[in-house]
Amino acid sequence: MFSYRHAFHAGNHADVLKHTVLIAILRHLLQKDTALTVFDTHAGAGLYRLDGDYAETSGEAAGGILQLLASKDKPPAAPAKKAPDASKPAAVALAPIIQDYLDLVASFNNKGSHKVYPGSPFIIQRLLGERDKLKLFEIHPTDSKTLSANIAQLQAGRQVAVLREDGFEGLKKFLPPPARRALVLSDPSYEIKNDYARVVAMVADSLVRFSTGTYVVWYPIIPRPEAHDVPRKLKTLANKAGKSWLNATLTVKSSKLTSDESGEVIRPGLPASGMFVINPPHTLKAALQLALPQLASMLAQDQHATSTVESGG
Ligand code: SAM
């Protein structure tokens, strides 16, 4: 059985990127009057405790949401201008989509405390209107049970469905959705090497079933050919289908292996990740061009921290 538990990773820098982009997309899609169906093909447990055993063992939130919260009052400086009097670069305001993300996370916590971190199911549900629907796929028996219990507390009735099944396969039966408006978030753990190929195949199949949906895929940026292939193949798929796309990446540190004094190799952990979006809102690129350099600066673990936003179609 799978050993990946998102609770170890909740609130890390990859979640910060993923959830900031997700919220920005949803805000735009939810402005229209027609109902939206959102699919989360790899939902996780839904809610996480940052002071619980899992999160405290890994401490990954310390380099993600907690680091962001600690630096949000001193947002990054704007690049220095060449003018003689501009000896010190001026601080710039936090990008609106980062503020929106922080406000949403804060709304799950008592004022000033940062004990709870909402996963994608709770972030999405919080933003939906009454007419919108959310379908959550989670295959792991324990996480699926926890997710069902967490969702039950929302008393959201038929708005939210938890399906304990394979999200790659399960999505097929729902496309196209009744109101022909959908957002699909696919956030596999990539624990199984095949996930890299399966996520691309799922998007290819979905574009045939429902070409106007918005498809969002999170992927790790690690030195593995399958991982590099994900954005490359998604770009090819989108271009062939004549669809617009956007690829956003956030790097917080170098991916190089280092060693300690005894010569023991130190693995860097996840250095970077990306979000690939097909049929993105037209507002997304500008919002990310402002926000991502700020995230890179605030979450930097070394001088290799950087971000990119590329689009096409
Ligand atoms: N999307 C979540 C969030 O942002 O809060 C985190 C999801 S986590 C990265 C990936 C989840 O996918 C894990 O909980 C894992 O058990 C689940 N999973 C793995 N393979 C799956 C599959 N084929 N179908 C559905 N869920 C799967």
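Against the criterion of solvent-accessible heavy-atom surface with a 1.4 angstrom probe, K72, K111, K173 sort, most first, into K111, K173, K72. Two numbers describe the Cα atoms of the stretch 219-302: Rg and Dmax, which are 15.9, 54 Å.
Shape call for the chain from the C-alpha gyration tensor, a ≥ b ≥ c root eigenvalues: rounded (a/c under 1.5), prolate (a/b greater than b/c) or oblate? Rounded shape, in that the Cα axes give a/c under 1.5. With a Förster radius of 25 Å applied to the beta-carbon distance between V92 and T306, the computed FRET efficiency rounds to 0.90. Heavy-atom accessible surface of L171, to the nearest 10 Å², is about 0 Å², with a 1.4 Å probe and all protein chains retained.
Per residue, the chain exposes 48 Å² of accessible surface when a 1.4 Å probe is rolled over the protein heavy atoms with every protein chain present.
Which length gain, in nm to one decimal place, applies between L69 and D33 when the Cα-Cα distance is subtracted from 0.36 nm times their residue separation?
Details: separation 36, 0.36 × 36 = 12.96 nm, distance 3.40 nm.
So the chain would gain 9.6 nm between L69 and D33.
Once the Cα atoms are used to define both axes, helix 96-106 deviates from the longest principal axis of the chain by about 70 degrees. Considering helices alone, the calculated mean residue ellipticity of the chain at 222 nm is -11000 deg cm²/dmol, with DSSP H runs of length four and up weighted by -39500 (n - 2.57) and normalised per residue. Determine the share of the chain's accessible area contributed by carbon and sulfur atoms, expressed in whole percent, with a 1.4 angstrom probe. Result for the chain: 53 percent of the exposed heavy-atom area is carbon or sulfur. The lysine pair count for the stretch 213-313, using Cα distances under 20 Å and pairs eight or more places apart or on different chains, is 4.
What the phi angles of the stretch 286-293 give under the Karplus curve with 6.51, -1.76 and 1.60, with θ = phi - 60°, is a coupling list of 4, 5, 6, 5, 7, 7, 5, x Hz, glycine and proline written as x. When nucleic acids and ligands are ignored and a 1.4 Å probe is applied, R131 ends up with an accessible area of around 90 Å².
For the stretch 178-277, trypsin sites (Lys or Arg not before Pro) are listed when DSSP marks them as loop and at most 14 other Cβ atoms sit within 10 Å of their Cβ; the list is R180, K193, K256.
Let me check I've understood the local charge: for Q153, count other residues with C-beta under 14 angstrom from its C-beta, Lys and Arg +1, Asp and Glu -1. What total comes out? Don't skip to the end; give the middle numbers.
Numbers: positive: R126, K145; negative: none.
For residues surrounding Q153, the net value is +2.
The largest accessible area among I97, I139 belongs to the first residue in I139, I97, and the rest follow in falling order (1.4 Å probe, all chains).
Using a Förster distance of 22 angstrom, determine the FRET efficiency expected from the C-beta separation of K115 and T57, and round it to 0.05. List each step's numbers first, then the result.
Working: r = 16 Å, r/R0 = 0.72.
Calculated transfer efficiency: 0.90.
Heavy-atom accessible area, probed at 1.4 angstrom with all protein chains present, ranks Y117, Y4 as Y4, Y117, highest first. Taking amide H positions as modeled 1.01 Å from N, with prolines and chain starts lacking one, the residues under 5 Å from A182 and 5 or more places away or on another chain are T37, T214. Taking θ as phi - 60° and the Karplus parameters 6.51, -1.76 and 1.60, the scalar couplings of the stretch 166-183 work out to 5, x, 4, 7, x, 4, 3, 5, 9, 9, x, x, x, 8, 6, 9, 8, 10 Hz in sequence order, x denoting glycine and proline.
Between K256 and K172, the FRET efficiency estimated from the beta carbon spacing at R0 = 45 angstrom works out to 0.65. Given an 8 Å cut-off on Cα distances and at least 6 residues of separation, report the relative contact order of the chain as a percent. Here the relative contact order equals 22 percent.
Run through the DSSP bridge list for the chain and note the antiparallel percent, rounded to the nearest 5.
Values: 26 of 42 bridges.
Given both bridge residues lie in the chain, the antiparallel proportion sits at roughly 60 percent.
Each residue, H228 and S107, gets one label point 7 Å from its Cα in the Cβ direction; the gap between the two is 4.1 nm. Distance from the alpha carbon centroid of the stretch 1-73 to that of the stretch 224-268 works out to 19 angstrom.
Database remark: amide H of V116 closer than 5 angstrom to the amide H of L50 (H placed geometrically; neighbours at sequence offset of 5 or more, or on other chains; Pro and chain starts carry no H).
The values are calculated or read from the model by the stated rules, or taken from the named source; none is laboratory data. None of the values given here were measured: they were computed from a predicted structure. Cβ atoms come from the backbone with ideal geometry, glycine included; neighbour counts cover every protein chain shown. Side chains included, ligands, DNA and RNA excluded: accessible areas come from the protein's heavy atoms. Shrake-Rupley method; radii C 1.70, N 1.55, O 1.52, S 1.80 Å.
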